[in-house]
Amino acid sequence: MTTAPQFDLEGVDGRRHSLDDYADAAALVLIQSCNHCPYVQAWEDRMSAIQRDYGDRGVRLVAVNSNDADNYPEDSFEEMRSRAERRGFAFDYLYDPSQGVARSLEAERTPEVFLFDRDRRLRYHGAIDDSRSEHAVTQHYLRDALDAVLAGGEPPVAETMPVGCTVKWRQ
């Protein structure tokens, strides 16, 4: 996968969101996400901070939950809405019950980052940064990649190993 997948998904804001809705974004960050994974929970505040810090530079961070909510009820759309409200997410949070986006991205983990440039070409894939503990971070992979892409350059690191829970596929 080298380009952003097409999608049309319901968001926790009650609206449908498609790839075309983000056409004006200088960079689009899709993050495979969910509610129940402790790794996602550890990075949620950093995800909101990145959206707040880069929003005025044309960056849109979009979390997508493709997990099987039948077997993982904490990842249901209702629970997504509740968590987003409770945690004050600064980013769009979309529900992918068909798991089509996760399949298109070939996602394996939550959280797993896919950074696309203005032309929606994949420029960075992997982890948000190098530590589950916010206080132990030494490498800001996504921030560094965003800075490079927004400046018209190449990310210093184009791929890292995503860390987190596995995507919960439907059987």
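Restricting the search to region 98-116, which residues are part of a loop (DSSP other than H, G, I, E, B) and buried (at least 20 other Cβ atoms within 10 Å of the Cβ)? Spell out the reasoning first.
Let us first name the residues in region 98-116 that are part of a loop (DSSP other than H, G, I, E, B), namely 98-99, 106-108, 111.
Scanning region 98-116 gives ALA107, PRO111.
Restricting the search to region 125-170, which residues are outside any loop (DSSP other than H, G, I, E, B) and within 30 Å of PRO73 (Cα to Cα)?
HIS125, GLY126, GLU134, LEU142, CYS165, THR166
Residues of region 61-75 being open to solvent by less than 30 Å² (accessible area, probe 1.4 Å) and either farther than 26 Å from ALA49 by Cβ or of a type in the set (D, E, K, R) (or both), which ones? Outline the logic, then answer.
Our first condition is that a residue be open to solvent by less than 30 Å² (accessible area, probe 1.4 Å); within region 61-75, this holds for 61-69, 75.
Once the filter is applied, which keeps residues that are open to solvent by less than 30 Å² (accessible area, probe 1.4 Å) and either farther than 26 Å from ALA49 by Cβ or of a type in the set (D, E, K, R) (or both), region 61-75 yields ASP68, ALA69, ASP75.
For the list (1) in contact (Cβ under 8 Å) with a residue 60 or more places away in the chain; (2) assigned to a loop (DSSP other than H, G, I, E, B), I need the number of the one condition that LEU122 fails.
(2)
Among the residues of region 36-57, which ones are open to solvent by less than 40 Å² (accessible area, probe 1.4 Å) and over 18 Å from PRO162 (Cβ atoms)?
Residues satisfying the conditions are SER48, ALA49, GLN51, TYR54, GLY55.
Go through region 60-103 and give me each residue that's farther than 15 Å from GLN41 by Cα and without any contact (Cβ under 8 Å) to a residue 60 or more places away in the chain.
ARG60, LEU61, VAL62, ALA69, PRO73, SER76, GLU78, PRO97, SER98, ARG103
Yes or no: VAL12 open to solvent by 30 Å² or more (accessible area, probe 1.4 Å) and β-branched (Val, Ile, Thr)?
Details: open to solvent by 30 Å² or more (accessible area, probe 1.4 Å): yes; β-branched (Val, Ile, Thr): yes.
Answer is yes for this residue.
Out of everything in region 1-29 that is among the acidic types (Asp, Glu) and assigned to a loop (DSSP other than H, G, I, E, B), what residue ends up being nearest to SER104 (Cα to Cα)? Break it down stepwise before answering.
Within region 1-29, the first condition is being among the acidic types (Asp, Glu), and the residues that meet it are 8, 10, 13, 20-21, 24.
Those left that are additionally assigned to a loop (DSSP other than H, G, I, E, B): 13, 24.
Numbers: ASP13: 24, ASP24: 22 Å.
Out of the qualifying residues, it is ASP24.
Could you list, in sequence order, the residues of region 24-55 that are of a type in the set (Gly, Ala, Ser) and either more than 17 Å from LEU94 (Cβ to Cβ) or out of contact with any strand residue (DSSP E or B) (no Cβ under 8 Å at 6 or more places or on another chain) (or both)?
Residues of region 24-55 that are of a type in the set (Gly, Ala, Ser), as a first pass: 25-27, 33, 42, 48-49, 55.
Across region 24-55, the qualifying residues are ALA26, ALA27, ALA42, SER48, ALA49, GLY55.
The values are calculated or read from the model by the stated rules, or taken from the named source; none is laboratory data. What you are looking at is a predicted structure, and each value in this text was computed from that prediction instead of being measured. Cβ: placed from backbone, ideal geometry, glycine included. Neighbour counts: every protein chain shown. For accessibility, only protein heavy atoms count, side chains too; no ligands or nucleic acids. Shrake-Rupley method; radii C 1.70, N 1.55, O 1.52, S 1.80 Å.
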